[in-house]
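The values are calculated or read from the model by the stated rules, or taken from the named source; none is laboratory data. Since the model is a prediction, treat every value here as computed from it, not as a measurement. Using ideal geometry, Cβ is built from the backbone for each residue, glycine included, and neighbour counts are taken over all protein chains shown. Note: accessible area is taken over every heavy atom of the protein model, side chains too, but ligands, DNA and RNA are not part of it. Shrake-Rupley method; radii C 1.70, N 1.55, O 1.52, S 1.80 Å.
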Amino acid sequence: LMQRKTHVKTNRKKVMLAKLRKSCSCTPQKLKNFVMDFFPVLRWLPKYRCREYIWGDVMSGLVIGIILVPQAIAYSLLAGLKPIYSLYTSFFANIIYFLMGTSRHVSVGIFSLISLMVGQVVDRELLLAGFDLNDDAPPALGDGSLQNDSLSNTTAFNLTIVGINAECGKECYAIGIATALTFMAGVYQVLMGIFRLGFVSMYLSESVLDGFATGASLTILTAQVKYLIGIKIPRSQGHGMLVITWINIFRNISQANLCDVITSAICIVVLVTAKELGDRYKHKLKFPLPTELVVIVVATLVSHYGKLNEVYASSVSGAIPTGFIPPKVPEFNLMLRVAVDALPLAIVSFVFTVSLSEMFAKKYAYTIRANQEMFAVGFCNIIPSFFHSFATSAALAKTLVKTSTGCQTQISGVISAMVVLLVLLFLAPLFYSLQKCVLACIIIVSLRGALRKFRDVPARYHVNKMDTLVWVVTMSASALVSTEIGLLVGIVFSMLCIIVRTQRPRTALLGQIQDTSFYEDDLEYENLSPVPKVKIFRFEAPLYYANRNYFLKSLYRLTNLDPNLEAARRKKYEKKEKRHLKKGNHRTANGLGIGETTLQLVPKQIDFQALVVDCSSISFLDTTGVNTLKEIQKDYKNLNISVLLACCNPSVIDSLKRGGYFGRDFGCMREMLFYSIHNAVLFAKDQ
């Protein structure tokens, strides 16, 4: 017989007080450990193997830096901001993650989905403030103040927003919204780290994340089409942006700029061809081809010397200032306006970063600290928000490039930041003539991975139909409604799918595998032997309030016996018999003698005398579940059928004890509970 261990009850109050005293105590060693944990670079940098690691880190840092520059300029279109802010973001994120991150390989910086989420909030707030989203008048950037804008925009701004500098126009307000949003997202991430709320990421399943990324990619693609063909259409906001944008595109297709169309076609062909060749021959290439940089350099030269902006009215990036703008504290009033929007941004940013960190840590056999990753990403948002930067996250594509080019540590991130710094200080003005359609091409080609998820739908459907449904719903909601709503819909729908699975789980009657002590589903396997006078019922889910009725219906259907109906039928028959006997009629209602009535009490003979419930798949019971088992035990006992439980886990047994299933002194427990189905069957046969 198995004997349960006796667990000593701990005084939770004392334990909590001890932990509190330990956490509040301050010693030199504890302070040192705290600083070392908060800045992991202090642990690994002194142990850095320079000869072994430096070449791979420098190479990967240079390659990522070269990729970062065109991507940063391109993703500024998604965020609705000027390219200089994207460069600031890429620079500061790499430096801060170098100091605070625990992953050796993750590339943290500007990310398309995060840029899109920031851009949607910026556009909405600009509209509410009365700005014209389609005002393409280039601001005067010569003094680097970034505060001058059109008179109409300044007027609309002052009428709507109170307490901000009157000279701050559309561009200034846009970056103010972005920095306030970024600051709030960082605060949420730090608070989640302090209160250890990293478990929130568990509710974002792979299907939800993939569907969200694919739906957002469709939104990104749609937003870039107007730049591809050079038309000016209103920037749609709110729900249904994708559909409205496509309607506006087709309405204005006749106004397409031929120069932009030709440039876009050439750039997409070159970029896609280079990417496909790079993927095919990546094992032969020591580092990826810097195709984006080559395309940007060539396109800028052609646009500048061909005067495409002056001659063909092709839209260009405009002036990009050099150097750094003086830091500024994000506006508190704006934080209040975007506090709700910052929450999904914080969660998505954290989830992508931690999932990528864990994936590469597992691949290269080291460990990361998820809580520290949350702090790192949080401060990658909080600190740069003072320096006119917006939200960041880890990006899969750049991380894959880092690992393929020999990255060993986050020293490569510092090298990438230096490349961006070089552009910020000296090279930024050279991109004045770069066409926006070229940037749109870079963004669209970078979406290949997410859009390829459509090809995986049949395989995904073959593996799991429910997960495929979650992916489709999340993707559709993210694309057709909005990204934030799509993420929320995906989370809620995936939870509902889990609830539905537990509400209507698989149920089965089991048969015995011949000449063994094992039992399996007789509908799934052949050559199983039914056990005489014994029914074995399996319920493959927790038993709780939501699936109680389904449990009972399945049990009655599979055993072909509803004990309540049978008991009611018997009582009704007994009343009829008593009436006949009182009248002095020795013949029963069925026309038989009294001695023959016993045979007629059960019209269809009950073919079992014991019911074994296989509880191996029941992970827990709530109060309703315990009462349900007590109910069937009582109902079947009235029909002289014993109910035996088999394979219960300790938590289920404890729930049954607390619910009084075995009686007050647990005296009947050995006759009602068994550690295997076979033991229960043998007991039933002996009875």
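What the table below lists for this structure:
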{"quantity": "Subset of region 529-543 that is under 43 Å from the mean Cα position of the chain (by Cα) and surrounded by fewer than 19 Cβ atoms within 10 Å (Cβ to Cβ) - its residue that is farthest from Leu561 (Cα to Cα)", "calculated": "Pro542"}
{"quantity": "Any chance Leu336 is of a type in the set (A, V, I, L, M), in a helix (DSSP H, G or I) and touching a residue at least 24 places away in the same chain (Cβ under 8 Å)", "calculated": "no"}
{"quantity": "Test: Leu523 is open to solvent by 30 Å² or more (accessible area, probe 1.4 Å) and either touching a residue at least 12 places away in the same chain (Cβ under 8 Å) or within 30 Å of Ile114 (Cβ to Cβ) (or both)", "calculated": "yes"}
{"quantity": "Residue ID - surrounded by the fewest Cβ atoms within 10 Å (Cβ to Cβ), chosen from residues in region 196-208 that are at pLDDT below 90 and touching a helix residue (DSSP H, G or I) at 6+ places or on another chain (Cβ under 7 Å)", "calculated": "Arg196"}
{"quantity": "In region 3-30, residue surrounded by the most Cβ atoms within 10 Å (Cβ to Cβ) [restricted to those that are of a type in the set (Ser, Thr, Tyr) and closer than 26 Å to Asn649 by Cβ]", "calculated": "Thr10"}
{"quantity": "Every pair of residues 6+ apart whose Cβ atoms lie under 6 Å, when the first sits in region 238-251 and is touching a residue at least 40 places away in the same chain (Cβ under 8 Å) while the second is of a type in the set (S, T, N, Q) and open to solvent by less than 70 Å² (accessible area, probe 1.4 Å)", "calculated": "His239/Ser482; Leu242/Thr219; Leu242/Thr222"}
{"quantity": "Some residue of region 446-454 being at negative phi, open to solvent by less than 10 Å² (accessible area, probe 1.4 Å) and more than 18 Å from the chain's Cα centre (by Cα)", "calculated": "yes"}
{"quantity": "Among residues of region 612-656, those that are in contact (Cβ under 8 Å) with a residue 60 or more places away in the chain, within 20 Å of Tyr675 (Cα to Cα) and open to solvent by 40 Å² or more (accessible area, probe 1.4 Å), counted", "calculated": "5"}
{"quantity": "Long-range neighbours under 6 Å by Cβ, at least six apart or interchain, first residue in the same structural domain as Ser389 (by the TED database) and over 17 Å from Cys437 (Cβ atoms) within region 309-324, second aliphatic (A, V, I, L, M) and in a loop (DSSP other than H, G, I, E, B)", "calculated": "Ala319/Leu141; Pro321/Leu141"}
{"quantity": "Among the candidates Val225, Val200, residue that is farther than 27 Å from Ala129 by Cα and in the same structural domain as Leu447 (by the TED database)", "calculated": "Val200"}
{"quantity": "Of the criteria (1) part of a helix (DSSP H, G or I); (2) touching a Phe, Trp or Tyr at 6+ places or on another chain (Cβ under 7 Å); (3) closer than 19 Å to Leu77 by Cβ, which one Ile383 fails", "calculated": "(3)"}
{"quantity": "Residues of region 485-520 that turn out to be in contact with a Phe, Trp or Tyr (Cβ under 9 Å, 6 or more places away or on another chain), of a type in the set (A, V, I, L, M, F, W, C), in contact (Cβ under 8 Å) with a residue 24 or more places away in the chain and farther than 15 Å from Ala680 by Cβ, as a count", "calculated": "4"}
{"quantity": "Ile66 vs. criteria more than 23 Å from Met374 (Cβ to Cβ), of a type outside the set (Gly, Ala, Ser), open to solvent by 10 Å² or more (accessible area, probe 1.4 Å) and at pLDDT 90 or above", "calculated": "no"}
{"quantity": "Condition check for Leu62: in contact with a strand residue (DSSP E or B) (Cβ under 9 Å, 6 or more places away or on another chain), in contact (Cβ under 8 Å) with a residue 12 or more places away in the chain and in the same structural domain as Val295 (by the TED database)", "calculated": "no"}
{"quantity": "Any hit, region 345-363, residues being open to solvent by 30 Å² or more (accessible area, probe 1.4 Å) and not in a helix (DSSP H, G or I)", "calculated": "no"}
